[in-house]
Each structure stands twice: as C-alpha cells, then as structure tokens.
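The values are calculated or read from the model by the stated rules, or taken from the named source; none is laboratory data. Worth saying up front: this structure is predicted, and the values here are computed from it rather than measured. In this analysis, Cβ positions are derived from the backbone assuming ideal geometry, glycine residues included, and neighbour counts consider all displayed protein chains.
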C-alpha cells in the first residue's frame with residue numbers, strides 16, 4: 001500500500017503540481033481510514049474524481065482499503081462510481097472481488113453499473129466464492145451468463161475455485177451449465193479437474209456436460 005500511495009502522489013505531482021500537497025494529504029487520510037479528514041480535504045477543493053497514474057480514483061482506493069465511511073463521504077461528494085482504472089477495474093468490481101456486501105450495496109445504490117464489458121462484478125464475486133454478493137448482484141440485474149475476456153462465466157469462475165455454494169446459487173437462478181470458455185471447457189471440466197465431486201454431480205444433475213462431450217461429433 002505504501003508503494004501505491006507513493007506512486008500516486010508522484011503521478012499527481014507531475015500532472016497537477018498545485019494540488020500535489022493536498023492530494024498527498026488525502027492519500028494519507030484514506031490510508032489511516034479518517035473519514036473526517038477526507039471530508040475536510042474535499043471541502044478545500046480537491047476533485048473527488050482525481051486519478052493517479054494507474055487511473056485509480058479516490059473511491060477505488062477507499063474500496064481497496066475497505067473503509068465504508070470514506071466511501072460514503074466520497075459518494076456524497078459525487079465521486080463517479082463507474083470510473084475505471086488502467087486495469088479496467090471499477091470500484092464495484094473490486095468490492096465484489098473482496099466480497100464486501102455493504103460496500104457493494106452502497107455502490108449499487110449510487111448507480112454503479114452492475115454489467116460492464118469484460119470481468120463483471122458478478123464474475124469477480126463468483127471467482128472468490130462470495131455467494132451473498134452473487135445473490136445481491138443477480139437481484140439487481142446482473143447478467144448471469146455474461147462472459148469475461150477469457151470466456152469465463154460466473155458459473156465457470158465459481159467452479160474453477162471449487163465454490164459450491166456460489167455455483168449452486170447460479171444454477172438455481174438459471175446459469176447455463178454448458179457455457180464454454182476460450183479453451184472450450186465448461187464448469188464441469190473445472191469441477192472434475194479440482195476433484196470436487198459434489199460440485200461435479202450438481203452440475204451433471206443440472207444438465208452439465210464436459211466441453212469435450214459437447215464438441216464431440218454425433219455417433220453414427
């Protein structure tokens with residue numbers, strides 16, 4: 001985190017010298033988890049949507065640190081919940097990856113986009129087995145079979161990590177058990193590779209097949 005803060009301060013000093021000092025103070029306030037200091041610095045005129053060299057907004061940094069009070073302060077100051085950093089991550093994607101339901105709820109209520117190109121918040125949540133977050137995102141319009149850049153769906157991501165609860169929820173909500181990633185593999189293939197027989201059986205009961213079986217030509 002210290003390296004991240006130093007890099008962010010340096011990048012701002014190069015781009016906005018007049019604000020470098022106050023921005024550095026803001027980074028320290030976020031690191032310390034001081035919502036009152038963050039609010040005071042915003043009142044001094046710092047743009048809540050200012051970014052560092054990697055495109056990280058103050059909101060993204062606060063989500064990374066898991067400080068809900070600071071997120072509330074930034075959202076009240078009209079921080080953009082849909083800004084993306086250089087890696088394509090939004091605050092909601094990171095909150096879903098961390099499995100922080102309170103943070104996810106705050107961001108969705110602030111109109112953070114639930115469906116975005118690439119690795120969606122739903123796929124991120126499923127990848128780490130955060131079933132509660134998965135359910136919340138589905139309740140708020142997440143596309144259940146949306147695909148990441150490598151073809152992963154939320155179900156494939158859950159199966160890869162052996163997260164049976166998240167996978168079971170996705171299947172119950174209608175996820176396609178036979179979606180294939182860029183290598184032609186399905187959730188069942190990942191369950192089999194991971195030795196997760198319970199998940200394998202659950203996928204098979206839902207009509208799941210191995211990617212190889214799907215690709216095989218019909219018998220004559």
Query raised in the report: Which condition number does residue 71 fail, the rest of (1) within 15 Å of the chain's Cα centre (by Cα); (2) crowded, with 17+ Cβ neighbours inside 10 Å; (3) in a helix (DSSP H, G or I) being met?
Result: (1)
**Report entry** Test for residue 50: is it crowded, with 20+ Cβ neighbours inside 10 Å and either more than 23 Å from residue 175 (Cβ to Cβ) or touching a residue at least 40 places away in the same chain (Cβ under 8 Å) (or both)
**Finding:** no
Query raised in the report: With 93, 147 as the choices, which residue is surrounded by fewer than 23 Cβ atoms within 10 Å (Cβ to Cβ) and in contact with a helix residue (DSSP H, G or I) (Cβ under 9 Å, 6 or more places away or on another chain)?
Result: 147
Query raised in the report: Out of 10, 42, 14, 58, which single residue is more than 19 Å from residue 98 (Cβ to Cβ) and at pLDDT 95 or above?
Result: 42
Report task. Read through the list (1) assigned to a loop (DSSP other than H, G, I, E, B); (2) touching a helix residue (DSSP H, G or I) at 6+ places or on another chain (Cβ under 6 Å); (3) not assigned by TED's automatic domain parsing to the domain that holds residue 154, then give the number of the only condition that residue 78 fails. Result -> (2)
Requested in this report: Answer yes if at least one residue in region 36-44 is closer than 22 Å to residue 158 by Cα, touching a helix residue (DSSP H, G or I) at 6+ places or on another chain (Cβ under 7 Å) and not in a loop (DSSP other than H, G, I, E, B), and no otherwise.
Outcome: no
Query raised in the report: In region 53-65, which residues are crowded, with 23+ Cβ neighbours inside 10 Å and over 18 Å from residue 32 (Cβ atoms)?
Result: 57
Query raised in the report: Residues in region 123-145: is at least one more than 30 Å from residue 69 (Cα to Cα) and not assigned by TED's automatic domain parsing to the domain that holds residue 62?
Result: yes
